[in-house]
1. What single numbered condition from (1) buried (at least 19 other Cβ atoms within 10 Å of the Cβ); (2) at pLDDT below 90; (3) within 23 Å of residue 97 (Cα to Cα) fails to hold for residue 3?
2. Give the residues of region 50-70 that are modelled with pLDDT of 95 or more and buried (at least 18 other Cβ atoms within 10 Å of the Cβ), sorted by residue number.
3. Does residue 44 fit the bill of being touching a residue at least 12 places away in the same chain (Cβ under 8 Å), surrounded by fewer than 22 Cβ atoms within 10 Å (Cβ to Cβ) and at negative phi?
4. Please go through region 21-68 and pick out each residue that is out of contact with any helix residue (DSSP H, G or I) (no Cβ under 7 Å at 6 or more places or on another chain) and part of a helix (DSSP H, G or I).
5. Kindly indicate whether residue 16 is within 12 Å of the chain's Cα centre (by Cα), farther than 17 Å from residue 87 by Cβ, surrounded by 12 or more Cβ atoms within 10 Å (Cβ to Cβ) and in contact (Cβ under 8 Å) with a residue 24 or more places away in the chain.
């Protein structure tokens with residue numbers, strides 16, 4: 001799954017996106033792969049606590065979440081709704097672990 005067009009992003013961002021997708025590939029299928037990759041990137045961005053070093057991870061998370069939503073939308077309204085619910089739960093849990101329950 002190609003999250004974004006390689007010619008449209010800086011190489012460092014494309015490399016981060018591709019690395020995140022490779023890491024998430026064994027954990028899911030379809031739109032879940034870029035969702036899980038986005039979650040990992042957002043976790044990395046939050047880990048540097050507002051430092052500019054987290055910018056590449058934040059940009060990658062944005063691109064990957066967009067890709068996940070596009071892939072889910074192609075599967076129909078039910079697929080998009082299910083992905084949106086999972087994304088909301090998973091991403092909220094990064095900030096508030098109680099939200100995962």
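1. With (1) buried (at least 19 other Cβ atoms within 10 Å of the Cβ); (2) at pLDDT below 90; (3) within 23 Å of residue 97 (Cα to Cα) applied to residue 3, the lone miss is (3).
2. Within region 50-70, 56, 57, 59, 60, 61, 63, 64, 65, 67, 68, 69 qualify.
3. yes
4. Step one: filter region 21-68 for residues out of contact with any helix residue (DSSP H, G or I) (no Cβ under 7 Å at 6 or more places or on another chain), giving 22, 26, 29, 32, 47, 49-53, 55, 62, 66.
Those that are out of contact with any helix residue (DSSP H, G or I) (no Cβ under 7 Å at 6 or more places or on another chain) and part of a helix (DSSP H, G or I): 22, 26, 32, 47, 52, 53, 55, 62, 66.
5. Working: within 12 Å of the chain's Cα centre (by Cα): yes; farther than 17 Å from residue 87 by Cβ: yes; surrounded by 12 or more Cβ atoms within 10 Å (Cβ to Cβ): yes; in contact (Cβ under 8 Å) with a residue 24 or more places away in the chain: yes.
When the stated conditions are applied, residue 16 passes them.
The values are calculated or read from the model by the stated rules, or taken from the named source; none is laboratory data. Here the structure is a predicted model, which means the values were calculated and not measured. Note that we place each Cβ from the backbone using ideal geometry, even for glycine, and neighbour counts take in every protein chain shown.
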